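See structure below.
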Amino acid sequence: MNRLSGLVVLGAALLCGGCKDESAKATSHSKPLPTYTLKHTPDFCGENAYVHCAELCKLGPRPSGSEAYEKQLQYITRHLEQHGWAVRRHSFTSPHGVKMTNLHAMFVKEEAPSSELLLTCHIDTKINVSDDFVGADDGASGAAVLMELARLLSGTEHAHRIELVFFDGEEAVAERMTETDGLYGSKYDVERRGDNLPRYMINLDMVGARNKTIQVPLFDSSPELVDAYLETIKELKLNENKWTITDQEYWDDDRYFREAGVATINLICDFVGSIWWHTPRDNMSRICPKSLQESGMVTQALIQRILNKQ
Ligand SMILES: [Zn+2]
């Protein structure tokens, strides 16, 4: 993901909502991190999402084409199939010769041309950062939320209208994203679909850090979905200073879908200027179950608001 110009946050001071769980106390890998086991709960469980995030991070750096990326695909696939999703891979070779693979999950056995709503994230981690860079927030957190949502959506009427997509190649090879470097997986996917595009797309990127501030890019998102997002935040009585909109422009995996006419929204945290982004500090000590839980609840409520209108 790339940020293009100056920053304006519509909202008041950035207050700490606070994660009151044990992970909030951990500030580095040198301190013990909490461990949880997967539970069958009726609602979105932040601890379940935390487990998935931690399992992905245990694989180490997961750049496109790596062995760890393949193991990550296998972990996500196992979970999705356990919950009844039909999983498919779409692979391609990037312009710089790397095999990339997007993972798709639908709740129908026959692959439909395109679903009504895409729920997306990216699962590649930035290449050449360091051997201990695990991309806990920038990569794993979005996938963790989608995996827990996959459990809850399983067998529901909405599941038949949703496609989960885990994109490869979001990250640029060079330090910063350019018009020709980055968003490889989502760009490939738009082209692959041709005219069979979804109506809606919700993209999640960096949604698991404690005390995060989500900034939905106002002008890069569909007005209909921004309205639905703002109504959702009110409905869930979340802190409106932590769930904001911004006039900042972003390049992210929603970009080429939006340009092709899909109504998109990107849930992404304020990260620019941070000391952790694309560094080894983006590890599990930054992640908290409550933060993942809020992101999951917002996404779930947003899905219901969008699909119940139709
Ligand atoms: Zn990144």
Inset, instruction - Search segment 150-168 for residues being of a type in the set (D, E, K, R) and outside any helix (DSSP H, G or I), and hand back the single one that is farthest from the ligand (Cβ to nearest atom). - result: Glu157
Inset, instruction - Restrict the check to segment 125-141 and report whether at least one residue is surrounded by 19 or more Cβ atoms within 10 Å (Cβ to Cβ), at pLDDT 95 or above and more than 29 Å from Val272 (Cβ to Cβ). - result: no
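Have a look at Phe92, Phe44 and point out the one that is assigned to a loop (DSSP other than H, G, I, E, B) and at pLDDT 95 or above. I'd like the intermediate steps shown before the answer.
Numbers: Phe92 fails: assigned to a loop (DSSP other than H, G, I, E, B).
After applying the criteria, what remains is Phe44.
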Inset, instruction - Out of the residues in segment 234-259 that are free of Cβ contacts under 8 Å to residues at least 60 places away in the same chain and surrounded by 18 or more Cβ atoms within 10 Å (Cβ to Cβ), state the one that is farthest from Gly169 (Cα to Cα). - result: Trp243
Inset, instruction - Mind listing whichever residues of segment 198-209 are buried (at least 24 other Cβ atoms within 10 Å of the Cβ) and either touching a Pro at 6+ places or on another chain (Cβ under 7 Å) or outside any strand (DSSP E or B) (or both)? - result: Met206, Val207, Gly208
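Evaluate segment 260-272: report whether one residue or more is touching a residue at least 12 places away in the same chain (Cβ under 8 Å), over 15 Å from the mean Cα position of the chain (by Cα) and within 16 Å of the ligand (Cβ to nearest atom).
Checked against the condition, which is being touching a residue at least 12 places away in the same chain (Cβ under 8 Å), over 15 Å from the mean Cα position of the chain (by Cα) and within 16 Å of the ligand (Cβ to nearest atom), segment 260-272 yields at least one hit.
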Legend entry - Verdict on Glu171 being modelled with pLDDT of 95 or more and part of a loop (DSSP other than H, G, I, E, B): yes
Legend entry - Candidate set from segment 273-287 (those that are within 16 Å of the ligand (Cβ to nearest atom) and polar (S, T, N, Q)); member that is surrounded by the most Cβ atoms within 10 Å (Cβ to Cβ): Asn283
Inset, instruction - Considering only segment 129-149, state which residues are within 11 Å of the ligand (Cβ to nearest atom) and of a type in the set (D, E, K, R). - result: Asp137, Asp138
Inset, instruction - Enumerate the pairs (first residue in segment 122-140 and at positive phi; second residue anywhere and near the ligand (Cβ under 8 Å from one of its atoms) and assigned to a loop (DSSP other than H, G, I, E, B)) with beta-carbon separation below 7 Å, excluding pairs fewer than 6 apart on the same chain, so at least 6 apart or on different chains. - result: Gly135/Thr125; Gly135/Lys126; Gly139/Thr125
Inset, instruction - Count, please, the residues in segment 260-272 that happen to be touching a Leu at 6+ places or on another chain (Cβ under 8 Å) and surrounded by fewer than 22 Cβ atoms within 10 Å (Cβ to Cβ). - result: 6
Legend entry - Options Met201, Met206; residue that is touching a residue at least 12 places away in the same chain (Cβ under 8 Å), within 12 Å of the ligand (Cβ to nearest atom) and either closer than 27 Å to Ala260 by Cα or within 18 Å of the chain's Cα centre (by Cα) (or both): Met206
Inset, instruction - Inspect segment 108-128 for any residue being within 15 Å of the ligand (Cβ to nearest atom) and of a type in the set (Asp, Glu) and give the result as yes or no. - result: yes
Legend entry - Among residues of segment 54-63, those that are under 14 Å from Asp138 (Cα atoms) and either of a type in the set (A, V, I, L, M) or in contact with a Gly (Cβ under 6 Å, 6 or more places away or on another chain) (or both), counted: 2
Legend entry - Members of segment 174-197 found to be crowded, with 23+ Cβ neighbours inside 10 Å and part of a loop (DSSP other than H, G, I, E, B), listed by number: Gly182, Leu183
Legend entry - Hey, Tyr250 within 16 Å of the ligand (Cβ to nearest atom) and in contact with a Pro (Cβ under 7 Å, 6 or more places away or on another chain) or not: yes
Inset, instruction - Evaluate segment 64-82: report whether one residue or more is in contact (Cβ under 8 Å) with a residue 60 or more places away in the chain and small (Gly, Ala, Ser). - result: yes
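The values are calculated or read from the model by the stated rules, or taken from the named source; none is laboratory data. A quick note: this is a predicted structure, and the numbers were derived from the prediction, not measured. Cβ sites come from the backbone with ideal geometry, for glycine too, and all protein chains shown count toward neighbours.
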